[in-house]
1. Report the residue count in the range 162-201 for those that are over 30 Å from residue 144 (Cβ atoms), hydroxyl-bearing (Ser, Thr, Tyr) and in a loop (DSSP other than H, G, I, E, B).
2. Looking only at the range 7-30, how many residues end up being closer than 18 Å to residue 246 by Cα, more than 13 Å from the chain's Cα centre (by Cα) and open to solvent by less than 10 Å² (accessible area, probe 1.4 Å)?
3. Could you please give the count of residues in the range 155-173 that are farther than 15 Å from residue 85 by Cβ and modelled with pLDDT under 85?
4. Inspect the range 167-177 for any residue being of a type in the set (Val, Ile, Thr) and under 13 Å from the mean Cα position of the chain (by Cα) and give the result as yes or no.
5. Quick check: anything in the range 3-17 within 21 Å of residue 198 (Cα to Cα) and touching a helix residue (DSSP H, G or I) at 6+ places or on another chain (Cβ under 6 Å)?
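The values are calculated or read from the model by the stated rules, or taken from the named source; none is laboratory data. In this text, all values refer to a predicted model and were calculated from it rather than measured experimentally. Cβ atoms come from the backbone with ideal geometry, glycine included; neighbour counts cover every protein chain shown. Surface accessibility is based on the protein's heavy atoms, side chains included, excluding ligands, DNA and RNA. Shrake-Rupley method; radii C 1.70, N 1.55, O 1.52, S 1.80 Å.
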Amino acid sequence: MPDPAFISSLVAGGCAGTAVDVSLFPLDTIKTRLQSSQGFWKAGGFSRIYAGIGPAAAGSAPVAALFFCTYDSVKKVAKANGVGDGANLHMFAASLGEITACLIRVPVEIVKQRRQASVGNSSLEIVKSVLRSEGPLGLYRGYLTTVLREIPFSLIQFPLWEYLKSQVRVKNNGSDPSPGESAVCGALAGGFSAAVTTPLDVAKTRIMLAPSHTPQASYGIFKTLKVVGGESGVKGLFAGVLPRTMWISIGGAVFFGVYEKVISIIEK
């Protein structure tokens, strides 16, 4: 299948991101509360499971669209300049896609996760509080940590997704995978990637939820991992691994399935 056009990537990525974030939001909330330093029950337990869905729904489409526009554009430009379509290109394109998407993802994550962990009564209140105590850069606290989580995740997920699709293509005698087959490939790739990068996700959550002007708010990813490991050991580093893996496995199926389906509809 030829590389999707820019508008196709924009629309398909936006639709796919929104479908995942809205349909699987409760799993994301449970994961965030399990990773919170205050503990699952103090962070809200199973109550108000949709707290924070507003910013998540508003941000999911532009985040996913920006990622896929970058991802597909980088692949297209690279191929036009003689770069082979292999795992290295997929990893490079995915990394640039994540760095770009995090410009929107991080402020959304800060507001969403604080709502999920019962920090603040409304999204607007959280934004005002961050701006008042930390200024605009406060909305980007944890940007580097988020990038350091997303890039390893993508370096595993996207080449694995492309590899699994290539195997399906061989099985189908050269025919492209159906949206359903692409969805299964996405679920397998996403679930594996989610499980192995859970410690990085724990660090990101802790940094974003730390109250302003506390030492934890200024910790980097490695210091945070050291603190979590010292407090709770391996169990703490993999807090929320089950809902995270379930969320991204199911989300991978939904995301890649919707993405390929929308692309196929637009480009018919």
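1. Count: 2.
2. Total satisfying the criteria: 1.
3. Residues of the range 155-173 farther than 15 Å from residue 85 by Cβ: 155-157, 160, 164, 167-168, 170-173.
So of that shortlist, the ones also modelled with pLDDT under 85 come out as 155, 157.
Total satisfying the criteria: 2.
4. Here is the first cut: in the range 167-177, the residues of a type in the set (Val, Ile, Thr) are 168, 170.
Subset that is under 13 Å from the mean Cα position of the chain (by Cα): none.
Scanning the range 167-177 turns up no residue that is of a type in the set (Val, Ile, Thr) and under 13 Å from the mean Cα position of the chain (by Cα).
5. Let us first name the residues in the range 3-17 that are within 21 Å of residue 198 (Cα to Cα), namely 17.
Right, trim to touching a helix residue (DSSP H, G or I) at 6+ places or on another chain (Cβ under 6 Å) and you get 17.
The answer is yes, given that some residue of the range 3-17 is within 21 Å of residue 198 (Cα to Cα) and touching a helix residue (DSSP H, G or I) at 6+ places or on another chain (Cβ under 6 Å).
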